[in-house]
Amino acid sequence: MDNTFKILFGIDSDTVQKTCVIMPFNIPKAAEQLGVKTMLKGRVFSAGQGQGLTLIVSGMSAGFVGDCVLWLKDTPCEQILFLGTCGLIHTKDDLDIGTVLTPGVIHAFESFSDILTGNVKDPEPVEADMSLIKAMKLKIPVCSCISFASLHEEERYMPMFEQLGADVIEMECSAFFLAAHRIKRPASALLVISDILGKILFSSKLSPEDKKSLTDGISQACVSIKNFCKD
């Protein structure tokens, strides 16, 4: 019997639950709030079980997240949620540190090489699947999103982001939705704003107020996911 899945994920493929939640990295206290007590380490991914959900930490980047989704094709997984963070491109009245949102239109700039050489071309926008967000009955902002392959080069490409009218930037959502479409699974994403380009860098130490807002936003997203999985 092929045990590739267990080698990669740390769990047997037949133990994957109906709802999978993918995080690109270990968001502080998210696993605990999702009711996941133990994460098992595979060669590439980590996975753990909660009530009504399987949590997978994929690793950051479009490639890791996309592959993670593709390998769910031959498992009991029926629907997939993505939980991640994002950077705000410009401060707006309804968007700030800790705001929970969902991407609508996503512009994919996933080639690190193209970003460095300046050969970036506007891709076809990726349309996010909103089906699970609607099923969760969440009233959260729907934002235009950039999936961008470099943290280092973000500020250099600000004029392009502004020209596209994007609200937020992250690294994986375009790959997440395209891979979910490939394996024919409904999929939606929840993103929490964790930084602001040019003002509060992803590497910055947050003020106590912003730290609390971010913690509250992560908790809000986890509660929404946990309640959805219970139902």
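Just so it is clear, none of the values below were taken in a lab; they were calculated from the coordinates. No experiment lies behind these values; they were computed from the predicted model shown. Don't worry about glycine lacking a Cβ; one is built from the backbone with ideal geometry, like all the others, and counts go over all protein chains shown.
General remarks:
- Cut-off 15 Å between beta-carbons: net charge of the residues surrounding ASN119, Lys and Arg +1, Asp and Glu -1: -2
- Among beta bridges that DSSP assigns inside the chain, antiparallel share in %, nearest 5: 35 percent
- Ordering GLN17, SER188, SER131 by the projection of their Cα atoms onto the charge dipole of the chain, which places +1 on the Cβ of Lys and Arg and -1 on the Cβ of Asp and Glu, puts GLN17 at the extreme positive end.
- Long pairs among LYS73/LYS121; LYS92/LYS230; LYS18/LYS137; LYS137/LYS211; LYS92/LYS212; LYS41/LYS184, criterion Cα-Cα beyond 23 Å: LYS73/LYS121; LYS92/LYS230; LYS137/LYS211; LYS41/LYS184
- For the options PHE177, PHE109, PHE82, a Gaussian network treatment of the chain with springs between C-alpha atoms closer than 10 Å singles out PHE109 as fluctuating the most.
- Projecting the Cα atoms of ILE115, LEU34, GLN220 onto the charge dipole of the chain, computed from C-beta unit charges around the Cα centre, puts LEU34 farthest toward the positive end.
- More than 33 Å apart - percent of Cα-Cα pairs taken over the chain: 13 percent
- Nearest-20 debye value, the chain charge dipole, Cβ charges on Lys, Arg, Asp, Glu: 820 debye
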